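To keep things clear, I will list the structure first and then write my remarks on it.
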Amino acid sequence: MNPVPQRIAPSTDRAVAAILLGCPPEEVGFCPRCQGLTRRYGRRAQVICPACRAADAEAGERAAR
């Protein structure tokens with residue numbers, strides 16, 4: 001079982017969020033769904049944060065059952 005990614009609160013310092021996300025601070029931005037921080041900009045951008053993507057995947061798995 002894989003651990004569920006945690007939402008990064010918008011009050012988190014961008015430098016800390018960048019370390020958690022593995023990207024430079026200038027690539028950090030807000031998730032449009034939960035307003036948490038995500039790797040929003042740059043070459044490997046993920047507009048939706050890992051926590052929201054994991055929730056979507058879980059909902060899809062439940063719907064498939």
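For region 1-19, which positions are open to solvent by 90 Å² or more (accessible area, probe 1.4 Å) and under 10 Å from the mean Cα position of the chain (by Cα)? If the condition is that a residue be open to solvent by 90 Å² or more (accessible area, probe 1.4 Å) and under 10 Å from the mean Cα position of the chain (by Cα), then Q6, R7 are the ones that fit. Scanning region 35-47 for residues that are within 8 Å of the chain's Cα centre (by Cα) and either crowded, with 18+ Cβ neighbours inside 10 Å or at pLDDT 95 or above (or both) gives G36, L37, T38, R39.
The values are calculated or read from the model by the stated rules, or taken from the named source; none is laboratory data. Because the structure is predicted, anything quoted here is derived from the model rather than measured. When we count neighbours, we look across all protein chains shown, and the Cβ atoms used for this are built from the backbone with ideal geometry, even at glycine. The area values use the complete protein model at the heavy-atom level, side chains included, leaving out ligands, DNA and RNA. Shrake-Rupley method; radii C 1.70, N 1.55, O 1.52, S 1.80 Å.
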